[in-house]
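K.L.:
Please find one structure pasted underneath; my questions will follow.
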Amino acid sequence: MPVIAVINRKGGSGKSTLSTHLASWLANQGMAVMLGDVDRQQSSRTWLRLRPADLPHIAGWTVDQKNILKVPIGITHVVLDTPGGMHGLELAKVIMSTDTVLMPVCNSLFDKESASACLQELRGLPRVASGRCRLGIVGMRVDARTHAAEQLQTWAAAHKVEFVGALRETQMYVRSLDTGTTIFDPHSPPQSADIEQWKSILEWAMDTERPRAPGQAEAAGRAPLPPATTMPPVRNVLTPVPRDDVRDVRPTGIVRPLHGEPRGPVSAPPVSQTPPPPFLMRRPLA
């Protein structure tokens with residue numbers, strides 16, 4: 001069951017817009033999707049209450065920070081809307097069950113600085129560091145044809161994270177949050193230009209069969225990264241070590257290879273007979 005989390009520490013970055021539209025697209029594709037609201041403001045839960053009953057159903061779910069509830073039976077996809085400022089144990093709990101992280105970032109100094117700190121913390125979590133959870137950047141409130149989008153792509157490449165698409169600023173997203181609808185729902189007027197912008201984001205988010213290697217970004221026009229199965233296995237303490245890599249540490253502190261040298265007895269260095277300095281000598285008891 002794929003779990004997609006929309007994460008950014010900075011408030012107002014477009015997390016609720018991104019998460020509600022992802023859930024709506026999945027529902028319109030016939031998927032049994034659940035929108036989990038980790039945000040204390042319960043923005044997504046409020047949006048679900050406004051959603052018309054005749055639209056494709058999206059299951060709601062409030063995630064308690066102390067008691068993480070189980071996903072209801074029958075759900076095939078999960079989208080998590082997270083709060084701003086999430087870090088530490090709260091962030092680690094969310095990542096433990098997440099397969100894909102989408103981070104909405106605006107092209108401003110404060111947004112990119114906040115996103116940089118969040119990316120650094122995410123990369124320190126085991127699931128992200130091992131490549132089991134992917135990271136992707138979505139440019140928010142920028143047109144993909146503008147210089148602002150190019151700046152975000154350059155910033156993402158410098159941080160070695162994939163830039164998966166950009167969404168322009170439009171009042172359609174504001175109205176959708178107020179009415180419980182999205183541009184993917186039948187009630188919405190045709191928005192071909194905006195739907196086209198979602199194409200690369202949706203393709204990347206749904207591509208769960210080929211996880212990306214951590215710390216690498218796919219530049220435009222470059223061949224996709226190889227599957228994770230082609231990467232060499234990570235050696236741990238239980239993995240047998242080849243004999244050529246074994247080193248023999250003798251009591252003398254000299255490191256010698258086992259092969260290519262005789263293994264005769266090695267004498268310890270002679271003990272110095274020089275008496276210790278006076279300040280190290282123990283004084284006799286009075």
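K.L.:
Suppose the chain between residue 154 and residue 195 were pulled fully straight at 0.36 nm per residue; how much longer would it get relative to their current alpha carbon spacing?
P.N.:
12.4 nm
K.L.:
Also: What trypsin sites (Lys or Arg not before Pro) in the stretch 1-55 are in a loop by DSSP, with at most 14 other Cβ atoms within 10 Å of the Cβ? Before the final figure, lay out each step's value.
P.N.:
Numbers: sites: 9, 10, 15, 40, 45, 49; in loops: 9, 10, 40.
Here the trypsin sites (Lys or Arg not before Pro) that fit, given the DSSP loop and packing criteria, are 40.
K.L.:
Which loop GluC sites (Glu not before Pro) in the stretch 89-169, with loop taken from DSSP, have no more than 14 other Cβ atoms within 10 angstrom of their Cβ?
P.N.:
In loop regions of the stretch 89-169 (DSSP not H, G, I, E or B), the sparsely surrounded GluC sites (Glu not before Pro) are 169.
K.L.:
While we're on this one: Which far-off residues, 5 or more places away or on another chain, put their amide H under 5 Å from the one on residue 142, with H placed in the peptide plane?
P.N.:
167, 168, 169
K.L.:
Which of the pairs 15/112; 15/93; 112/160 have their Cα atoms more than 22 Å apart in this structure?
P.N.:
none
Every number here is computed from the coordinates shown, using simple stated rules; none is lab data. As the structure is a computational prediction, the values presented were derived from the model and not from experiment. Because the Cβ atoms are built from the backbone with ideal geometry, glycine has one as well, and the counts that use them run over all protein chains shown.
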